[in-house]
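Data first, discussion second: the structure below is written as structure tokens.
Read the figures in this text as sums done on the coordinates, not as results from a lab. Given the structure is predicted, the values throughout are model-derived calculations rather than measurements. For neighbour counting, all protein chains shown are included, and Cβ atoms are generated from backbone atoms with ideal geometry for every residue, glycine included.
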């Protein structure tokens with residue numbers, strides 16, 4: 001396994017600067033966000049470190065030169081909107097842009113694109129799963145034709161004010177089983193993030209074994225439960241947990257990484273920095289990422 005990080009936590013940095021920093025700090029991989037320029041940058045959303053709308057051969061060659069020079073690989077291109085948005089114009093735009101990202105992944109030799117499914121929050125799971133099948137059947141066929149695996153992150157995204165569209169149905173093993181039954185393909189799987197399972201009281205280690213064939217990529221982010229707030233707010237109140245640097249929350253990283261070894265996962269563990277306690281400035285974010293790297297390396301062979 002190799003270790004990398006998602007660059008969305010550095011929204012103002014240029015691609016070349018990110019690659020150089022990654023190389024200087026002994027990273028082997030990075031995960032690159034590819035949002036369209038029309039989206040406003042906000043906390044880790046709307047970040048564009050590779051603009052797929054203007055990518056010509058010269059730009060692709062330049063990207064590859066920078067990567068080669070610094071001995072860095074791209075583990076995944078990232079685009080996380082809502083493909084089940086009830087607004088057909090927004091939905092269609094997101095689908096078209098995802099296909100652009102898939103096409104660029106093919107040209108760059110990146111085998112994985114990380115994304116969400118999304119959700120129509122006004123409809124039930126059955127409705128959303130039918131919509132998922134209708135929309136993603138074509139997307140997955142397009143990905144297959146380009147040799148790209150679609151890795152769905154399992155964050156429920158229940159906070160519409162924090163992400164374009166809000167809500168993501170791909171939240172739990174129950175839903176994953178239904179998704180993968182509806183679309184049988186080796187090209188759709190998971191960008192597995194254990195942190196989103198902790199606060200849902202789902203066994204993240206068991207889920208690794210149960211979905212070993214579907215884990216294409218994995219995020220390293222932690223969650224710290226706040227029992228006093230949970231007792232006050234209840235499970236519908238939210239705010240009863242905090243996103244933390246990997247190794248600083250409730251995840252047992254030794255067990256998690258051991259499970260990845262046991263299923264023969266040979267991909268990337270990508271640090272996703274969303275810890276508000278380490279967001280004072282870019283230097284502070286750097287320190288948080290390097291701390292996560294140090295803690296994770298404790299368990300890597």
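Here are a few things to note about the model shown:
- Shape summary: region 1-144 maps onto an equivalent ellipsoid whose semi-axes, from the alpha-carbon gyration tensor, are 29, 15, 14 Å in decreasing order.
- Averaging the Cα positions of each part gives two centres, and for region 241-286 and region 194-221 these lie 12 Å apart.
- Exposure proxy order (Cβ contacts within 10 Å, fewest to most) of 273, 217: 273, 217
- Shape box of region 91-150 [Cα atoms, principal axes, largest first, Å]: 38, 18, 16
- Sorted by Cβ neighbour density within 10 Å, fewest at the top, the residues 213, 153, 89, 279: 89, 213, 279, 153
- Antiparallel bridges, percent of DSSP beta bridges restricted to the chain (to nearest 5): 20 percent
- Expressed as a fraction of 2.2 N^0.38 Å, the C-alpha radius of gyration for region 256-301 is 1.36.
- Distance between region 62-89 and region 100-168 - C-alpha centres, whole angstrom: 13 Å
- Neighbour counting of Cβ atoms within 10 Å sorts the residues 219, 97, 196, fewest neighbours leading, into 97, 196, 219.
- Over the chain, the Kirkwood radius and the radius of gyration, each from Cα atoms, give a ratio Rg/Rh of 0.93.
- Binning the C-alpha pair distances of region 9-85 at 10 Å intervals from 0 yields a P(r) profile of 18, 50, 27, 5, 0 %, listed from the shortest bin outward.
- Shown here is the pair-distance distribution of region 91-194: with all Cα-Cα distances grouped in 5 Å bins from zero up to the longest one, the shares run 2, 12, 23, 26, 21, 11, 3, 0 percent.
- For the chain, calculated [θ]222 nm from helices alone, where every DSSP H run of n ≥ 4 adds -39500 (n - 2.57): -12500 deg cm²/dmol
- Compared with the alpha-carbon gap, the fully stretched path from residue 53 to residue 106 is longer by 17.6 nm at 0.36 nm per residue.
- Extended-chain gain in nm, criterion 0.36 nm per residue less alpha-carbon gap, residue 20 and residue 62: 13.7 nm
- Gyration tensor verdict on region 170-301 (Cα atoms; rounded if a/c is under 1.5, prolate if a/b is larger than b/c, oblate otherwise): oblate
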